[in-house]
Amino acid sequence: MISRVFLDHPRSVDESYFEHMAFAGKFGLKLFAAGCCAMVHAVIPCAFEKTASRMIAEMYAKTHNRGQ
C-alpha cells in the first residue's frame, strides 16, 4: 500500500520520491505564479500580456512525454 501511494508514480517518471516532490513543488509554485500574472492581467490588461501563457507553454514542454 505505501509503495503504491508514495513510490509507484515517481518511479513511472524515473524519479525518486524526493526528486518527484521537488519537481512537483516547483511546478506548483510556477502554476501559482502564472495564475497571479493572469489575475493581474485581468485587472490591468497591459500588464503580463503573454507571461502566463508563456509560463504554461514552458511547463508543458518540460512535462510532455515524461516517463515515456
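The values are calculated or read from the model by the stated rules, or taken from the named source; none is laboratory data. What you see is a predicted model, and the numbers here were worked out from it, not measured in a lab. A quick note on method: Cβ atoms are made from the backbone with ideal geometry, for glycine too, and the neighbour counts reach across all protein chains shown.
The residues in the stretch 28-68 that are closer than 30 Å to SER12 by Cα and part of a helix (DSSP H, G or I) can be counted, and the count is 20. Here the condition is being surrounded by fewer than 10 Cβ atoms within 10 Å (Cβ to Cβ), among the aromatic types (Phe, Trp, Tyr) and free of Cβ contacts under 8 Å to residues at least 40 places away in the same chain; of PHE23, PHE18, PHE6, it holds for PHE18 alone. The residues listed here are ARG54, ARG66; of these, the one that is modelled with pLDDT of 95 or more and basic (Lys, Arg) is ARG54. Cβ separations smaller than 8 Å between residues 6+ apart or across chains give the following pairs from the stretch 44-68 residues that are at positive phi and of a type in the set (A, V, I, L, M, F, W, C) to residues that are assigned to a helix (DSSP H, G or I) and surrounded by 10 or more Cβ atoms within 10 Å (Cβ to Cβ): PHE48/CYS37; PHE48/ALA38; PHE48/VAL40; PHE48/HIS41.
Within the stretch 1-43, the residues that satisfy the criterion of being modelled with pLDDT under 95 and of a type in the set (Lys, Arg) are ARG4, ARG11. Restricting the stretch 24-42 to residues that are of a type in the set (A, V, I, L, M, F, W, C) and in contact with a Phe, Trp or Tyr (Cβ under 8 Å, 6 or more places away or on another chain), the residue that is farthest from ALA52 (Cα to Cα) is VAL40. Evaluating CYS46 against the criteria (1) surrounded by 13 or more Cβ atoms within 10 Å (Cβ to Cβ); (2) modelled with pLDDT of 95 or more leaves one unmet condition, (1). When only residues in the stretch 1-22 that are among the aliphatic types (A, V, I, L, M), more than 16 Å from the chain's Cα centre (by Cα) and part of a loop (DSSP other than H, G, I, E, B) count, which is farthest from GLN68 (Cα to Cα)? That would be MET1.
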